[in-house]
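Colleague: One structure, as structure tokens, below. Some questions next.
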Amino acid sequence: MRKPMIAGNWKMYKTTQEAMNLVNTIKAGVHAISDCDIVVCPPFTALSNVSHLLNGSGIYLGAQNMHFEREGAFTGEISPVMIKDLGCRYVILGHSERRQYFGETDELINKKVKAALAYSLIPIVCVGETLAERESGSAKETVRKQFEGTFKDLTSDQFEKFVIAYEPVWAIGTGKTASPEQAQEMHEFIRDLISKRTNKDISSKIRILYGGSVKPENISGIMAQPDVDGGLVGGACLKGESFIQIIQGTSPVKTK
Ligand code: 13P
């Protein structure tokens, strides 16, 4: 049984005060919603303040990245223990912007995924192809390689704890959304990969989110697809009103 989930990836936006204002707006707008899991992932600098505001709200906190070591001489890095300490339950790993601008490889992301599980954080693991890969017909091959690399050596039990996000790079921040059919085709493919690695029972429990220009106008079409369980939202989560509308847009879809 898969309950819908909407996660907001705030990326490198919002000062502490702006973050607090946004989260207060979100809280006020969603307090009556219980049929969708809501996650907010502010920048590291706002995690502590946002965490306090979320106390008792039922909204979950997530980080956008982390190092895989518990602690050490890694200037500028943040560890799993540190984000856990601030109240994070989720952590986004392997976002395409981390892969593209910070050189993150499947091997590194695999270490982070294992570390997240070791510290009882739930990884939201991102996969997705570039425009060139889609146009050359290798989108599925790219996603399969990312899947195998990032989930290397993981057991079936560990798989049950993940959330996976399919984010086609060509749809991120571009206003171009994958059509509901394109999203469904890849989500089904990913669920099949999970099923082959584990079993049908486990694959039917894992939530696969779609990310890439999700907006209030397109969420219900995407959510109507049988293998789409929610959204990982960038730009449209930076305004309380549109984030709330996206969450409301999942409500015709109950648990899948
Ligand atoms: P946009 O919603 O701005 O396209 O960003 C998607 C994303 O990268 C979420 O992680």
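Colleague: Of everything in region 150-194 that's of a type in the set (S, T, N, Q) and within 22 Å of V91 (Cα to Cα), which residue is surrounded by the most Cβ atoms within 10 Å (Cβ to Cβ)?
Modeller: Checked region 150-194; the qualifying residue surrounded by the most Cβ atoms within 10 Å (Cβ to Cβ) is T150.
Colleague: To continue, here is another question. Hey, K145 hits all of (1) of a type in the set (D, E, K, R); (2) within 16 Å of the ligand (Cβ to nearest atom); (3) farther than 21 Å from V39 by Cα; (4) out of contact with any Ser or Thr (no Cβ under 6 Å at 6 or more places or on another chain) but one; which does it fall short on?
Modeller: So K145 meets the others, but not (2).
Colleague: Just to be sure I understand, how many residues within region 242-256 are touching a strand residue (DSSP E or B) at 6+ places or on another chain (Cβ under 7 Å) and either within 13 Å of the ligand (Cβ to nearest atom) or not hydrophobic (A, V, I, L, M, F, W, C) (or both)?
Modeller: Qualifying residue count, region 242-256: 3.
Colleague: Just one of the numbered conditions (1) in contact with a helix residue (DSSP H, G or I) (Cβ under 6 Å, 6 or more places away or on another chain); (2) closer than 25 Å to G149 by Cα is not true of N199; which one?
Modeller: It fails just one condition, (1).
Colleague: Then there is this: Taking the stated definitions as given, is S213 on the phi > 0 side of the Ramachandran plot and over 13 Å from the mean Cα position of the chain (by Cα)?
Modeller: Considered against the rule, which asks whether it is on the phi > 0 side of the Ramachandran plot and over 13 Å from the mean Cα position of the chain (by Cα), S213 comes out as yes.
Colleague: If I filter region 128-164 down to residues being among the β-branched types (V, I, T) and within 26 Å of V81 (Cβ to Cβ), which single residue comes out as modelled with the lowest pLDDT?
Modeller: T155
Colleague: Which of the residues belonging to region 221-241 are over 23 Å from K205 (Cα atoms) and more than 10 Å from the ligand (Cβ to nearest atom)?
Modeller: Of everything in region 221-241, those that are over 23 Å from K205 (Cα atoms) and more than 10 Å from the ligand (Cβ to nearest atom) turn out to be K239, G240, E241.
Colleague: In addition: Name every residue in region 87-102 that is crowded, with 17+ Cβ neighbours inside 10 Å, out of contact with any strand residue (DSSP E or B) (no Cβ under 6 Å at 6 or more places or on another chain) and not basic (K, R), in order of residue number.
Modeller: S96, E97
Colleague: If a residue must be more than 15 Å from V143 (Cα to Cα) and within 16 Å of the ligand (Cβ to nearest atom), how many such residues does region 193-212 contain?
Modeller: Total satisfying the criteria: 2.
Colleague: Of all residues in region 1-25, which are within 16 Å of the ligand (Cβ to nearest atom), touching a residue at least 60 places away in the same chain (Cβ under 8 Å) and outside any strand (DSSP E or B)?
Modeller: W10, K11, Y13, K14, L22
Colleague: Got a sec? Which of H67, H52 is more than 16 Å from the ligand (Cβ to nearest atom) and over 20 Å from the mean Cα position of the chain (by Cα)?
Modeller: Matching residue, one of H67, H52: H52.
Colleague: Give me the pairs: first residue in region 164-188 and closer than 23 Å to S203 by Cα and within 13 Å of the ligand (Cβ to nearest atom), second residue among the charged types (D, E, K, R) and assigned to a loop (DSSP other than H, G, I, E, B), beta-carbon distance under 7 Å, and six or more apart or on different chains, which are they?
Modeller: P168/E129
The rows are residues; the columns are (1) more than 18 Å from the chain's Cα centre (by Cα); (2) at pLDDT below 95; (3) over 24 Å from G212 (Cα atoms).
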| residue | (1), (2), (3) |
| --- | --- |
| L22 | yes, no, no |
| H31 | yes, yes, yes |
| I38 | no, no, no |
| G62 | no, no, no |
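Colleague: Could you say which residue among A115, A139 is crowded, with 19+ Cβ neighbours inside 10 Å, within 16 Å of F159 (Cα to Cα), away from the ligand (no atom under 16 Å from the Cβ) and over 16 Å from the mean Cα position of the chain (by Cα)?
Modeller: A115
The values are calculated or read from the model by the stated rules, or taken from the named source; none is laboratory data. Note that the structure is predicted; figures quoted are calculated from it, not measured. Note that each Cβ is placed from the backbone with ideal geometry, even for glycine, and that neighbours are counted across all protein chains shown.
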